[in-house]
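S.K.: I have a structure I would like to understand better, so I am pasting it below and will then ask my questions one at a time.
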Amino acid sequence: MVLSEFVEKACNQIDLTTEALQQVAAHFEVAMREGLAGRPSSLQMLPSYIARPTGAERGEAIAIDFGGTNVRVMKVNLADSQAQCSQSIKFTLKDPGGAYDYTREETQADELFDFIARHVVEVLAGDRSMLPLGLTFSFPCRQEGINRAVLIQWTKEIRTSGVEGRDVTPLLAAALERQGVRNVRPRAVINDTVGTLLAAAYKLRGVEVGSICGTGHNTCYLEPRHPLTGKPMIVNMEAGSFDGVTLTPFDRAVNEASVRPGGQLLEKMVSGAYLGEVVLAVLRTMVAERLLPAGNRSWDRGTLTGVHLSQVLEDGADCGGTKSVAQTELGLMGLTNEQLLGFRRVVESVAGRSARLVGATYAAILRYLDPGLSQEHVVAIDGSLYAHMPRYPDGIRAGLEAVLGTGASRVTTSLIKDGSGIGAAIAALVADAQG
Ligand code: BGC
């Protein structure tokens, strides 16, 4: 097969037609209803035990944003629909130089939580006032109350031992105790999508959906009548585990090489942690078909990050960015213009599919909430893909339009920065006020 033919065929497999997107939305809506009713579904539809904030919440709280290998501890002040962060420390659980790694299987839960608690001490900087703490813990948790969250399983390739199957609040509380912190009480645990929704709804009206399009992917929404309480409650869908999209051979290769084959199937097609892996799967086939030379570097997991893909997508007519990524990251020297254009076309396909798929899932949620699209809706989004990947928001809109047609004009997507941290503070204050 010649290069242009291969690229055409591969991209046709990856790109989704309008009908395919409509089907994804239809399956997603069925999975939502099934999951919410407690029937088997790839959408876990986890209760959060929190509803939309009123905007009147006020006070000071410690927020921990544990979203993946990067963690942030903040002191947040809330008043009059405004959030102010007075202290903030960001750190990584995995030292790039290899000095430590709290995400390995060999690390025990207590070591991980002690490491985090030491950063709380730093943020407190001697402050001894009583402060509620909110933890954004961005992994699938079985939530049994606003402050009880049992980790179902790690995602994002984290493997620390002794956390799965356990409630994370006592783990954190015990670590704070060991560090001598007695004035900070963990009050709420939320998912980052819930944090994004809370932070957006604290200052904007009409927000019903919160989503993360970054290293991981997930979405939550405000269920107007939750079956557990009959009242409004935010539901963490764990949308990344949706299994209703047909996998291409490239997706199957990524899935098989992942830490948990069969799990997080939508996330493996959509999120920043995996987009580069899908592109590499296509490139590997091209090398096997002798349409590309073998690179002089090994293509390990993480070789192509979202930043590299953005560099390719930003490229002008000269393919300068694509060439630099091919040489520096993949060790592919001396590619012809046709090969560079082929590489770029693959990246466009993989990134475009991600955004359109996400848009189709938002459309499904909004159609569930408002079948006639008679109202205005806001989807609050955080994450590096939405914030930085060229044309990603346009792709989401295309997905919304494919499913909702003109109804998509009633939907606004809005970037909410640091929602997971601010949302944790809001949740802590809401829980504190509830006693
Ligand atoms: C996790 C979700 C999280 C998402 C975005 C996924 O891997 O399972 O709980 O919301 O990443 O961070």
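The values are calculated or read from the model by the stated rules, or taken from the named source; none is laboratory data. Everything numeric here is computed off the predicted structure, so don't read it as measured data. Positions of Cβ are generated from backbone atoms using ideal geometry, with glycine treated the same way; all protein chains shown enter the neighbour counts. Side chains are part of the model used for accessible areas, which takes the heavy atoms of the whole protein and leaves out ligands, DNA and RNA. Shrake-Rupley method; radii C 1.70, N 1.55, O 1.52, S 1.80 Å.
S.K.: How about the stretch 82-104: which of its residues are touching a residue at least 40 places away in the same chain (Cβ under 8 Å) and exposed (fewer than 15 other Cβ atoms within 10 Å of the Cβ)?
M.R.: Q82, R104 - these are the residues of the stretch 82-104 that are touching a residue at least 40 places away in the same chain (Cβ under 8 Å) and exposed (fewer than 15 other Cβ atoms within 10 Å of the Cβ).
S.K.: Let me spell it out: the conditions are (1) buried (at least 20 other Cβ atoms within 10 Å of the Cβ); (2) closer than 20 Å to A427 by Cβ; (3) within 16 Å of the ligand (Cβ to nearest atom), and I152 meets all of them except one. Which number is the exception?
M.R.: Among (1) buried (at least 20 other Cβ atoms within 10 Å of the Cβ); (2) closer than 20 Å to A427 by Cβ; (3) within 16 Å of the ligand (Cβ to nearest atom), I152 violates only (1).
S.K.: Hey, S354 hits all of (1) part of a helix (DSSP H, G or I); (2) open to solvent by 30 Å² or more (accessible area, probe 1.4 Å) but one; which does it fall short on?
M.R.: (2)
S.K.: Can you go through V207, V259, V194 and tell me which one is out of contact with any Gly (no Cβ under 7 Å at 6 or more places or on another chain) and crowded, with 19+ Cβ neighbours inside 10 Å?
M.R.: Answer to the selection: V207.
S.K.: Within the stretch 316-331, can you find the residues that are at pLDDT 95 or above, open to solvent by less than 40 Å² (accessible area, probe 1.4 Å) and not small (G, A, S)?
M.R.: Residues satisfying the conditions are T322, V325, L330.
S.K.: How many residues are of a type outside the set (D, E, K, R) and either outside any strand (DSSP E or B) or within 16 Å of the ligand (Cβ to nearest atom) (or both) when one looks only at the stretch 58-91?
M.R.: 9
S.K.: For the stretch 249-273, which positions are outside any loop (DSSP other than H, G, I, E, B) and within 11 Å of T155 (Cβ to Cβ)?
M.R.: Selection gives E267, K268, A273.
S.K.: Filter the stretch 186-205 for residues that are within 16 Å of the ligand (Cβ to nearest atom) and either modelled with pLDDT under 95 or assigned to a strand (DSSP E or B) (or both) and give the result.
M.R.: A188, V189, I190
S.K.: Another question, then. One residue is enough: does the stretch 65-79 have a residue meeting the conditions of a type in the set (F, W, Y) and open to solvent by less than 30 Å² (accessible area, probe 1.4 Å)?
M.R.: Yes: the stretch 65-79 contains one or more residues that are of a type in the set (F, W, Y) and open to solvent by less than 30 Å² (accessible area, probe 1.4 Å).
S.K.: Quick check: is even one residue across the stretch 231-244 within 15 Å of the ligand (Cβ to nearest atom), within 30 Å of G55 (Cα to Cα), open to solvent by less than 30 Å² (accessible area, probe 1.4 Å) and out of contact with any Leu (no Cβ under 8 Å at 6 or more places or on another chain)?
M.R.: no
S.K.: Let me ask something additional. Within the set of pairs 6+ apart or on separate chains, which have a first residue in the stretch 251-268 that is over 14 Å from L357 (Cβ atoms), a second that is among the basic types (K, R) and in a helix (DSSP H, G or I), and C-beta atoms under 7 Å apart?
M.R.: Going by the 7 Å Cβ cut-off, the qualifying pairs are V254/K268; N255/K268; S258/K268.
S.K.: Something else now. Can you list residue pairs whose Cβ atoms sit under 8 Å apart, with the first residue in the stretch 219-247 being over 13 Å from L369 (Cβ atoms) and the second being charged (D, E, K, R) and away from the ligand (no atom under 16 Å from the Cβ)? Count only pairs 6 or more apart in sequence or on different chains.
M.R.: Pairs found: K231/R225; M233/E223.
S.K.: Can you list residue pairs whose Cβ atoms sit under 6 Å apart, with the first residue in the stretch 36-53 being within 16 Å of A428 (Cβ to Cβ) and the second being assigned to a loop (DSSP other than H, G, I, E, B)? Count only pairs 6 or more apart in sequence or on different chains.
M.R.: Listed by first residue and then by second, the contacts come to Y49/I146; I50/I146; A51/P232.
S.K.: Then there's this: It is to be established whether one or more residues within the stretch 25-35 are touching a strand residue (DSSP E or B) at 6+ places or on another chain (Cβ under 9 Å), in the same structural domain as S241 (by TED's automatic domain parsing), closer than 27 Å to A355 by Cα and modelled with pLDDT of 95 or more.
M.R.: Yes, the stretch 25-35 has at least one match.
S.K.: Here's another thing I want to ask about it. For the stretch 206-218, which residues satisfy the criterion of being in contact with a helix residue (DSSP H, G or I) (Cβ under 8 Å, 6 or more places away or on another chain) and either closer than 22 Å to S81 by Cβ or more than 16 Å from the ligand (Cβ to nearest atom) (or both)?
M.R.: Once the filter is applied, which keeps residues that are in contact with a helix residue (DSSP H, G or I) (Cβ under 8 Å, 6 or more places away or on another chain) and either closer than 22 Å to S81 by Cβ or more than 16 Å from the ligand (Cβ to nearest atom) (or both), the stretch 206-218 yields V207, E208, V209, G210, S211.
S.K.: Ok, one more. Just wondering, is there one or more residues in the stretch 180-187 that are without any contact (Cβ under 8 Å) to a residue 12 or more places away in the chain and either surrounded by fewer than 20 Cβ atoms within 10 Å (Cβ to Cβ) or not aromatic (F, W, Y) (or both)?
M.R.: Looking for residues that are without any contact (Cβ under 8 Å) to a residue 12 or more places away in the chain and either surrounded by fewer than 20 Cβ atoms within 10 Å (Cβ to Cβ) or not aromatic (F, W, Y) (or both), one finds at least one in the stretch 180-187, hence yes.
S.K.: Could you grab the pairs with beta carbons closer than 8 Å, sequence gap of 6+ or different chains, first residue in the stretch 105-125 and over 14 Å from G162 (Cα atoms) and surrounded by fewer than 19 Cβ atoms within 10 Å (Cβ to Cβ), second one at pLDDT 95 or above and of a type in the set (G, A, S)?
M.R.: Listed pairs, sorted by first residue: V121/G180.
S.K.: Of (1) outside the structural domain of H377 (by TED's automatic domain parsing); (2) at pLDDT 95 or above, E277 satisfies all except one. Which?
M.R.: With respect to (1) outside the structural domain of H377 (by TED's automatic domain parsing); (2) at pLDDT 95 or above, E277 is out only on (1).
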